[in-house]
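Since the structure comes first, as structure tokens, the remarks are kept for the end.
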Amino acid sequence: PAFFFEAVFPSSLVSGYFILLLLEVLAASHHFYTDKEEVVLWMNTVGPYHNRQETYKYFSLPFCVGTKKTISHYHETLGEALQGVELEFSGLDIKFKEEVMQTTYCDIELDKPKRDAFVYAIKNHYWYQMYIDDLPIWGIVGEADENGEDYYLWTYKKLEIGQNGNRIVDVNLTSEGKVKLVPNTRIPMSYSVKWKKSDVKFEDRFDKYLDPSFFQHRIHWFSIFNSFMMVIFLVGLVSMILMRTLRKDYARYSKEEEMDDMDRDLGDEYGWKQVHGDVFRPSSHPLIFSSLIGSGCQIFSVSLIVIILAMIEDLYTERGSMLSTAIFVYAATSPVNGYFGGSLYAKQGGRRWIKQMFIGAFLIPAMVCGTAFFINFIAIYYHASRAIPFGTMVAVCCICFFVILPLNLVGTILGRNLSGQPNFPCRVNAVPRPIPEKKWFMEPAVIVCLGGILPFGSIFIEMYFIFTSFWAYKIYYVYGFMMLVLVILCIVTVCVTIVCTYFLLNAEDYRWQWTSFLSAASTAVYVYMYSFYYYFFKTK
Ligand SMILES: *[C@@H]1O[C@H](CO)[C@@H](O)[C@H](O)[C@H]1NC(C)=O
């Protein structure tokens, strides 16, 4: 009964929370307007063109705010807050289908510090981002003349908005009104709004931001095709090698069976059968090992579900919805983590299952949040907009403690009770077998390093596209490709780990659990090194 209470009470809380989240997601996506309804121009961030990840609040530059002071509603989702979206009201008065002639909305009193700030921004090619009805708009702050002595600010925002029925489907911004930055002058900022009928369908309104010639380039198709060929080759190779060698091994062992004990003791016995009394020995550090395996199962299910959702629903059209979805799915799949981690730990004879559950539940969140909070301190130091608000940090911690942990507990209990019994086909010897000397390339460390090369080879072109969308102003939208690559990666990883385990066991080394795990995990190290390469050689 205690278990039952522990399991049911938090999950009812959790489902209530999820329903709330779901309602929030549904409520956010209407985008219908009536005539003369308020349309909000949100100012988001400003930052250098060549570094998309470096952003500051729009009003960290001394721009001025329009006259309109209040708006009817505003809300920010968790994903937005974590991604550094800082929407601030522009103060511009815009109403649906109402034209606005060029109107001055405020003046900048340009003193020396303000001029310096603008000059710095113009020198570094700053540009800013705004949103109308969730459509992003980019504009450049200013311009320097050729010899770099005079600096000009664009002061006139000319907005052209395309409407289709009662929805906004297109926005164009033209910057005009170049004004030279002279200290101690007044610079008037102005805007105008023009409404046009447009035939663009609401569902297609993000198409103009996508870059099919980049993402659906022939090279992308070729690379997928290439990886596919590799998969077929690899699977064929693995199955052939294993079939042949295993059949040969079996033949040898069954011949030995017929010999009497004397012959067997003198015979040249070697190979994987010698370690049968040790392969089911618990791995070293079973607590960490089962926590890693559990977390891995969870990450895999999260990736799968999020990619499928992104394929069905164009998640890139809503700011931060990708991240919100990922957090939501991560929390919801916590039982997977508990189930696989907990059952593996039980099978390995672990006794401190509560400790294992805590470590398993908080391994990934702690690493991700630790990194994020560390970056956060840097962001706060530089006043970058990426700084996560305190409330959001609290929200994330609450999700960890009140959603992820209870769900993990449910999974752990299920896992321990349903599949926690070690039902190995043969007994574990009381005394561990000594591991014989072997060639250097059969050492676990070497196998681990080599294991990651093939999986990395099958995904690195996709990583190029993902990095490009991270550092350049491109929206990643080809989740079908990503799905294919995920499938390819899984197959290649499975093949590679099977081969690695076979070699290791054949060398009569029974420490296969960690080697198998790490030989696949080393792919991540290669991806990490590739990100360094990309950062230093492909970005500005
Ligand atoms: C925005 O610009 C594009 C390309 O110049 C044009 O096709 C489109 O009609 C414009 N939209 C509006 C609303 O003016």
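The values are calculated or read from the model by the stated rules, or taken from the named source; none is laboratory data. Treat the numbers as computed from the prediction; the structure is a model and nothing was measured. Here the Cβ is made from the backbone with ideal geometry for all residues, glycine too, and neighbour counts use every protein chain on show.
A residue that is of a type in the set (Val, Ile, Thr), in contact (Cβ under 8 Å) with a residue 40 or more places away in the chain and in contact with a Lys or Arg (Cβ under 7 Å, 6 or more places away or on another chain) occurs somewhere in the range 468-490. Can you tell me which residue is surrounded by the most Cβ atoms within 10 Å (Cβ to Cβ) among those in the range 454-494 that are within 22 Å of residue 229 (Cα to Cα) and among the small types (Gly, Ala, Ser)? For the range 454-494, the residue satisfying everything is 458. Tallying residues that are of a type in the set (Gly, Ala, Ser) and over 25 Å from residue 232 (Cβ atoms) within the range 494-540 yields 2. Identify all residues within the range 142-157 that are polar (S, T, N, Q) and closer than 21 Å to residue 43 by Cβ; write none if there are none. 155 - this is the single residue of the range 142-157 that is polar (S, T, N, Q) and closer than 21 Å to residue 43 by Cβ. Being aliphatic (A, V, I, L, M) and either farther than 19 Å from residue 66 by Cα or within 14 Å of the ligand (Cβ to nearest atom) (or both) is the filter here; which residues of the range 141-177 pass it? 144, 159, 161, 168, 169, 171, 173 - these are the residues of the range 141-177 that are aliphatic (A, V, I, L, M) and either farther than 19 Å from residue 66 by Cα or within 14 Å of the ligand (Cβ to nearest atom) (or both). Per the conditions (1) within 16 Å of the ligand (Cβ to nearest atom); (2) more than 26 Å from the chain's Cα centre (by Cα); (3) modelled with pLDDT under 90, the sole criterion not satisfied by residue 204 is (2).
Within the range 126-140, the set of residues being within 14 Å of the ligand (Cβ to nearest atom) and outside any strand (DSSP E or B) comprises just one member, 133. If you filter the range 178-191 down to residues that are over 28 Å from residue 205 (Cβ atoms) and crowded, with 16+ Cβ neighbours inside 10 Å, you find that the one that is farthest from the ligand (Cβ to nearest atom) is 181. Of the residues making up the range 404-437, those that are within 18 Å of residue 272 (Cα to Cα) and surrounded by fewer than 15 Cβ atoms within 10 Å (Cβ to Cβ) are 424, 425, 426, 427, 429, 431, 432, 434, 435, 436, 437.
Within the range 212-230, identify whether any single residue is under 30 Å from residue 61 (Cα atoms) and away from the ligand (no atom under 16 Å from the Cβ), and answer yes or no. Break it down stepwise before answering.
At the first step, the residues of the range 212-230 found to be under 30 Å from residue 61 (Cα atoms) are none.
Looking for residues that are under 30 Å from residue 61 (Cα atoms) and away from the ligand (no atom under 16 Å from the Cβ), one finds none in the range 212-230, hence no.
Among the residues that make up the range 426-446, is at least one of them polar (S, T, N, Q) and either within 28 Å of the chain's Cα centre (by Cα) or modelled with pLDDT of 90 or more (or both)? Checking the range 426-446: not a single residue is polar (S, T, N, Q) and either within 28 Å of the chain's Cα centre (by Cα) or modelled with pLDDT of 90 or more (or both). Under the condition of being touching a residue at least 40 places away in the same chain (Cβ under 8 Å) and in contact with a Cys (Cβ under 9 Å, 6 or more places away or on another chain), the residues counted in the range 87-108 number 4. Please indicate, with yes or no, whether at least one residue in the range 495-512 is small (Gly, Ala, Ser), crowded, with 16+ Cβ neighbours inside 10 Å and not in a helix (DSSP H, G or I). Yes. Please determine, by comparing only the residues of the range 212-223 that are surrounded by 17 or more Cβ atoms within 10 Å (Cβ to Cβ) and not small (Gly, Ala, Ser), which one is nearest to residue 155 (Cα to Cα). The extreme case among them is 215.
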